[in-house]
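Trainee: Okay, handing you the structure first.
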Amino acid sequence: MIPVSPQPEPAQFNSDVRQKGLAHLAKKGLALDQPLPSGTKIQSYWRNCLDDLYTSYQSTCAYLAVYFERGTGAASVDHFVAKSRLAGLTYEWSNYRLACLGMNRCKNNFDDVLDPFTLQGGWFHLDLLVDGRIFPNPALSPADQGQVTNTIHRLGLNDPVHKKMRMRHFQEYIQHHFTADYFKKISPFVWLEADRQGLL
């Protein structure tokens, strides 16, 4: 993971998502300052802003830190504070993170994942010389290392498929299969780690 800068709310978000969502919650008699009752079905108005979310965050998954194509159907709106935990944030742009579908499913409604919006740079390190494994920056405090470790485990960031993908991106760049600008675009975390380690 790498830090993600929060982007401005789209002009039409209030009418397309927030107002529709708040009216829907009010009609169902749901309190904004409480979790959604178990099993409650609500309207997915957040999907109305998925194109804006995808564009605003440069087509990059907030958790996996890789570019992905919108046309694959893999883009999703992650509610950083889960809908089941606080109803009032269900239809709020500031609570949305662009996530590929796999990462969204892994995070689910768990609250032990670091927020890309508040993450400090350099907390996640990457082994580019062996297997593409992510691990906590050894200079972090034990508590912060624990948060990084929990995030890695919860999201499955060291799944063999993800490790192979990161190593492939790095190898294809150093073998001149694509340009530096393209490398930065498709795999910004790998790019930053390769640069930090003097491997570019």
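Read the figures in this text as sums done on the coordinates, not as results from a lab. In this text, all values refer to a predicted model and were calculated from it rather than measured experimentally. Don't worry about glycine lacking a Cβ; one is built from the backbone with ideal geometry, like all the others, and counts go over all protein chains shown.
Trainee: Which value, in debye to the nearest 20, describes the size of the charge dipole of the stretch 13-107 about its Cα centre when Lys and Arg Cβ atoms bear +1, Asp and Glu Cβ atoms bear -1, and nothing else is charged?
Mentor: For the stretch 13-107, the charge dipole is close to 360 debye.
Trainee: Sticking with this one: Near K41, which aspartates and glutamates are there with a Cα under 20 Å away, not counting those fewer than 8 places off in the same chain?
Mentor: Cross-link targets: D16, D33, D78, E92.
Trainee: Using the beta-carbon distance between L50 and Q145 and R0 = 35 Å, what value does 1/(1 + (r/R0)^6) give for FRET efficiency, to the nearest 0.05? All intermediate terms of the calculation are to be shown ahead of the outcome.
Mentor: Values: r = 34 Å, r/R0 = 0.97.
Using R0 = 35 Å, I get an efficiency of 0.55.
Trainee: Need the full-extension length gain, K164 to N14, defined as separation in residues times 0.36 nm minus the C-alpha distance. One decimal, nm.
Mentor: This chain segment gains 49.9 nm when fully extended.
Trainee: For the pair F110 and A74, what calculated FRET efficiency results from E = 1/(1 + (r/R0)^6), where r is the Cβ-Cβ distance and R0 = 25 Å, to the nearest 0.05?
Mentor: 0.80
Trainee: If each Cα of the chain is one equal point scatterer, what is log10 of I(q)/I(0) from the Debye formula at q = 0.14 Å⁻¹?
Mentor: -0.84
Trainee: Using a Gaussian network model of the chain with C-alpha springs under 10 Å, which one of G146, G21, G122 is most mobile by mean-square fluctuation?
Mentor: Greatest mean-square fluctuation among the candidates belongs to G146.
Trainee: If you check each cysteine of the chain for another cysteine whose beta-carbon is under 4.7 Å away, which ones come up empty?
Mentor: C49, C106
Trainee: How high is the relative contact order of the stretch 107-200, given as a whole-number percent (alpha carbon pairs under 8 Å, six or more residues apart)?
Mentor: Reported relative contact order: 24 percent.
Trainee: Got a sec? Charge dipole of the stretch 13-107, +1 on Cβ for Lys and Arg, -1 for Asp and Glu; which of S56, Y67, L101 is way out at the positive end?
Mentor: L101
Trainee: Let me ask something else. Dividing the alpha-carbon Rg of the stretch 13-107 by 2.2 N^0.38 Å yields what?
Mentor: 1.08
Trainee: In whole angstrom, how long is each semi-axis of the equivalent ellipsoid of the stretch 124-196, when you take the square root of 5 times every eigenvalue of its Cα gyration tensor and sort them from largest down?
Mentor: 24, 13, 10
Trainee: Ok, one more. How do L64, L199 line up, fewest other C-beta atoms within 10 Å first?
Mentor: In order of increasing Cβ crowding within 10 Å: L199, L64.
Trainee: In whole Å, largest first, what are the principal axis extents of the Cα atoms in the stretch 53-153?
Mentor: Principal-axis extents of the stretch 53-153 (Cα, largest first): 38, 31, 20 Å.
Trainee: So how do 150-160, 22-32 stack up, highest first, on mean other-Cβ count within 10 Å?
Mentor: Highest mean packing first, the order is 150-160, 22-32.
Trainee: Return the distance in nm (one decimal) between the two label points of a simple spin-label model at Q58 and H24, each offset 7 Å from Cα along Cα→Cβ.
Mentor: 3.1
Trainee: If you don't mind, another one. Can you pick out the pairs among K83/K164; K163/K184; K164/K185 whose Cα atoms lie more than 26 Å from each other?
Mentor: The pairs that break the limit, which is 26 Å between Cα atoms, are K83/K164.
Trainee: Suppose R0 equals 35 Å. What FRET efficiency, 1/(1 + (r/R0)^6) with r the Cβ-Cβ distance, do K41 and F117 give to the nearest 0.05?
Mentor: 0.80
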